[in-house]
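A.B. asks: Before I ask anything, let me first share the structure, which is written out below as structure tokens.
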Amino acid sequence: MNVLYLVHDLADSAVRKRIKMLKAGNATVSVAGFVREQSSGAVDIEGCQPIVLGTTRDGKFGDRVLKVLFSRSVTQLHNQKYDVIIARNLEMLALARRVTFSSRSATRIVYECLDIHRIMLNQGTLGKFARAVERWLLRSTSMLITSSPAYLTNYFKPKQQLTKPVLLVENKVLDLEQNDATAVTERNSSAAPAWRIGWFGILRCRKSLAILSAFSRMMDGKVQVVLRGKPAYQEFDNFDAEVAAEPYLSFEGAYKSPEDLKSIYEDVDFIWAIDFFEEGLNSSWLLPNRIYEGCRYGRVPIAVNGTETANFLKNSAIGLTVKEATPEVLRDIFSQITPLDADKLKQRVQQSDPRKFTFTKASCSSLVGEISKERTGSAQITILE
């Protein structure tokens, strides 16, 4: 199968992961998309030399839409023949429609939507217009790929009246080597501080930073919080200064996925899987990468009740769920956790079926197989195992 993958950010590690999955499933992949202003530019991605369509700015959805509408580089895509176009995010779906319309192609379009942007949930004129555009564009698709069942029950079905087939592709760790998921190295937690909590990934939640700062100070060195990944600096007043001012928080920079996952997760005991960036909306519905990554390496995720993440942990009988994510509630819980308690929590994770948290080469073949199927207007939901 010949696939064109259209992406909003060529430097996104999740883009690299999806390309690896498609290629491992024996698809031929071409990639086109945009780079961010702070990026050093697009380079080879898993053997694919991407077509750069322009430069966009992080957090500027309107800017991205305008670039899609007026990018002249799109003409490079018109003369190519593809079996399927996978469009990651709404503006890329519009671009896919532009490509097929301009080239008068009947190429099937798959819409990949892995979170619901705040604009789509706006109750004003802007939100209504954006949802109407998405509904119109969805007509031209053959399938929706999404990462959480809550996106279907809370958004696509009630708000967009979706009738297309759905492929649920969770944010699991890609493990083409099929290594033993339980072969983890335990951190020596006997030395102070007793517990280390990891907050990894895209760091964009101001409320989480405030909670973890206050909580770690209350614990007076008995809990240390390690931050790694990519801060969304536009969401904070001064991220670097705020972290530097905290005695028990440290930001240890970016990491490469999946290459660095084992080392960074084995350096902590618990995983912060709580997000308030779009509280009550996308933050309540998502199933983030960090829960699969943390569990894949035997660490204990922390979630707040009433979210899809908490539901996932409860259904799997693992993790630590709290009624409220406040410094006081966390202090009360962690003041009572003993090393034996922590070991039991970790053992439950490590004894879970690794297929809950990982995609294998067989998963990649299934992904390509599902995308390649000719489909009608069925609303069937398929879960990628």
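A.B. asks: What does the charge count near Leu345 come to, summing +1 for each Lys or Arg and -1 for each Asp or Glu among other residues with Cβ under 11 Å from its Cβ?
C.D. replies: +1
A.B. asks: Between their Cα atoms, which of Lys314/Lys344; Lys128/Lys159; Lys23/Lys81; Lys157/Lys361 are more than 20 Å away from each other?
C.D. replies: Flagged as over cut-off: Lys157/Lys361.
A.B. asks: Can you order the peptides 274-282, 323-331 by their average number of other Cβ atoms within 10 Å per residue, highest first?
C.D. replies: 274-282, 323-331
A.B. asks: Using only the alpha-carbon atoms, how far is helix 125-138 inclined from the longest principal axis of the chain? Give it as 0 to 90 degrees, nearest 10.
C.D. replies: The answer is roughly 60 degrees.
A.B. asks: Another question, then. Would you mind calculating the relative contact order of the chain from Cα pairs under 8 angstrom and at least 6 residues apart, reporting the percent as a whole number?
C.D. replies: Averaging sequence separation for qualifying contacts and normalising by length gives 17 percent for the chain.
A.B. asks: Considering only protein heavy atoms, what per residue accessible area in square angstrom results for segment 283-368 with a 1.4 angstrom probe?
C.D. replies: 41 Å²
A.B. asks: Please express the shape of segment 231-385 as an equivalent ellipsoid: the semi-axes are the square roots of 5 times the eigenvalues of the C-alpha gyration tensor, given largest first in whole angstrom.
C.D. replies: Largest first, segment 231-385 gives 30, 20, 18 Å.
A.B. asks: Highest mean first, what order results for 22-30, 347-355 on Cβ atoms within 10 Å?
C.D. replies: Top to bottom by mean Cβ count within 10 Å: 22-30, 347-355.
A.B. asks: Still on this structure, I have one more. With Kirkwood's inverse mean 1/r over C-alpha pairs for Rh, give me the Rg to Rh ratio of segment 291-373, two decimals please.
C.D. replies: Reported Rg/Rh (Cα atoms, Kirkwood Rh): 1.11.
A.B. asks: Test of the criteria: in segment 197-248, which trypsin sites (Lys or Arg not before Pro) are in a DSSP loop and have at most 13 other Cβ atoms within 10 angstrom of their Cβ?
C.D. replies: Nothing satisfies the criteria.
A.B. asks: Please work out the ratio of the alpha-carbon Rg of the chain to 2.2 N^0.38 Å and round it to two decimals.
C.D. replies: The value comes to 1.00.
A.B. asks: Keeping the other protein chains in place, figure out the carbon and sulfur percent of the accessible area of segment 223-334, with a 1.4 Å probe.
C.D. replies: 46 percent
A.B. asks: With springs connecting C-alpha atoms under 10 Å apart, model the chain as a Gaussian network and identify which of Ser213, Ser103, Ser147 has the largest mean-square fluctuation.
C.D. replies: Its mean-square fluctuation being the largest, the pick is Ser103.
The values are calculated or read from the model by the stated rules, or taken from the named source; none is laboratory data. Remember, it's a predicted structure, so these values are computed and weren't measured experimentally. So basically every Cβ, Gly included, is an ideal-geometry build from the backbone, and we count neighbours across all protein chains shown. The protein model used for the area step is the full one, side chains on, heavy atoms only, and it has no ligands, DNA or RNA in it. Shrake-Rupley method; radii C 1.70, N 1.55, O 1.52, S 1.80 Å.
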